Amino acid sequence: MSGVVDRRQLLRGAGLVAGGAALSAGLPGWAQPVSAGLPTVTGDDIHLRIAHQMMTIDGRRRHAIGINGSVPAPLIRLREGRTVRLHVENALDEDSSLHWHGLIVPFQMDGVPGISFPGIPKRSTFTYEFPVVQAGTYWYHSHSGLQEQMGLYGPIVIDPAGDDPIVSDREHVIVLSDHSPLHPHRIFMNLKKQAGYFNRQQQTLAGLLKGEDQPLRERLAWGRMRMDPTDVADVTGSTYTYLVNGHGPRDHWTGLFRPGERVRLRIVNASAMTTFNVRIPGLPMTVVQADGMNVRPVEVDEFQIGVAETYDVIVTPPADIAYTLVGESVDRSGMARATLAPRAGMVGAVPPLRRRPVATMKDMGMGGMDGGGKDMAAHDAMPGMDHAAMGHATMDHAGMGHAGMDPPTAGHATMDHGDMRDFAKAPGVRKGPGVQTIAPMPVDRTGDPGQGLEDVGHRVLTYRDLIARDRNPDVRAPSRALEIHLTGNMERYMWGFDGEKLSEVTAPIPFTAGERVRVTLVNDTMMGHPIHLHGHFFELVTGHGAYSPRKHTVMVQPGGTVSWDVTANAGDWAFHCHMLYHMHAGMMQVVQVRADGEAA
């Protein structure tokens, strides 16, 4: 008899009802609800041991790399204002590393091999030491090879030195991630051979006959451009199991509450490749923190969280029933699932997966044709900016028309693949096979809820909803601007910045310590990219001036732009897409920040 129990069989056999009932005692051990929190290490002197291990997901044993015998790695709990020493033993037979994502540390402690330190050799120990200068929810992960995909990640919570302005009765840390039985190098090889290898939700003839997705005319046009409108996620539920705190959907991880309590959920997207849409049906969430920084409370029913982002939310469950926390993958091929309940053993109703999104002309970078996507950068004036000093040529949005493109029908029969590679629109982008498209009319999409969430019928968070709780520490206007294009060839699985992958770049991106720079990211691809700058927080240009939200990672929607202002911190810093296989393929560069007058 198979040891795998189908969820429907499990629920039927236990006699469950929506709203919450106790599980029967006769279920297999792995099917019993998991309500234990993550193992925690704390103090000023912490020991961590990286090693191979096994983990159990939905009753099946899987190989992993963890820390102190745990996947995710233990929760590291620190206090603002202290100095911490983290002794990291590498018990692997290969080099390893740990990066403290979102923490402001001396660049030598940032943990990126080849950029900020040599790495941790096999069978050796390295001690990280740095002052803790902030509070909030963060995480840590390997920056060596593809170890992060194998389980080498964990959460960090830093308690403020004084009173916490976010008041709650209890909290749960929710680490979202993805796991595959395939070795990560096998996943990467499959993507290089066929970019859509894991996409089992492509358009079909049956769907066309049913009138689903794109009509024939659009399918033919997209086919001529060699673009797949269902290519929303590179790696999908066809191989991934989506996890909450290291547990699969059938492991039934449960966080407890008492009705009426204010419960703080510290939600971390520690996945390798998955953008999650998070909701708790029937229970509103109040967002109070983004990327560790406090924001003015905003109530929503759902939010999209890109890889490496964190959100803290407050929920107040009013009744003695169970609620289901859903982390649905952006392509709707699977979900991470947890339960919030008054007692262990209760189960809430699990919503079905929604229909997967299909890319639109806006995702192709033609959002400017509908008059939408007002550029919020205009709201934050930049007096004194030296436009002549811009590191990359600015795109001429006024001249973005293409011969043969009639706006009412653009992207359909009148478009061909050649129209999508007009390098005159992006003179700073290197020509080559790594650039499949140049977005003809990209628009600021910080007011969008995220791909596939435009018409869900409830409140969805956007970046423009985020307003910093406290005034930004640096409100100077930028002195120069920099435009960087996110480029790729999805057919050949090539990714880079400005048409170059890391191995092709001849010099780092130069900054001067203390200078204010406005960076505009232009996504020339049809896939969202979570972009992370190490060692910095930047202020999103979303019209909130001195109270702009401060983030360390930003999701740049397909065919969209994002602008942010940053004050440069001295050191050599990694700058990359946090989709692990995009970074591995080359979507990474080095930002070099030198003191004024210092030679590069």
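Some values worked out for this structure:
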read-out: Cβ-based exposure ranking for 501, 362, 431, in which fewest neighbours within 10 Å come first; value: 431, 501, 362
read-out: Local net charge near residue 132, Cβ-Cβ under 12 Å (Lys/Arg +1, Asp/Glu -1); value: 0
read-out: Full-stretch length increase - residue 127, residue 474 - with 0.36 nm per residue and alpha-carbon distance subtracted; value: 121.7 nm
read-out: Net charge over other residues, Cβ less than 15 angstrom from the Cβ of residue 266 (K, R count +1; D, E count -1); value: -3
read-out: Cα gyration tensor, segment 40-165 - rounded (a/c under 1.5), prolate or oblate; value: oblate
read-out: Residue list for segment 267-297, given a label point 7 angstrom along the Cα-to-Cβ vector of residue 182 and an amide N cut-off under 20 Å; value: 271-276
read-out: Summed side-chain charge close to residue 567 - residues other than residue 567 whose Cβ falls under 12 Å, Lys, Arg +1, Asp, Glu -1; value: 0
read-out: Cross-link pairs beyond the 26 Å C-alpha cut-off, checked among 193/501; 425/551; 122/501; 192/551; 193/431; value: 425/551; 122/501; 192/551
read-out: Tensor-based shape of segment 46-94 (alpha-carbon gyration tensor, a/c under 1.5 rounded, otherwise prolate or oblate); value: oblate
read-out: Spatial separation of Cα centroids for segment 73-150 and segment 457-525, in angstrom; value: 24 Å
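Bear in mind that the values in this text are calculations on the coordinates, not laboratory data. What you are looking at is a predicted structure, and each value in this text was computed from that prediction instead of being measured. Reconstructed Cβ throughout: ideal geometry from the backbone, glycine too, with neighbour counts over all protein chains shown.
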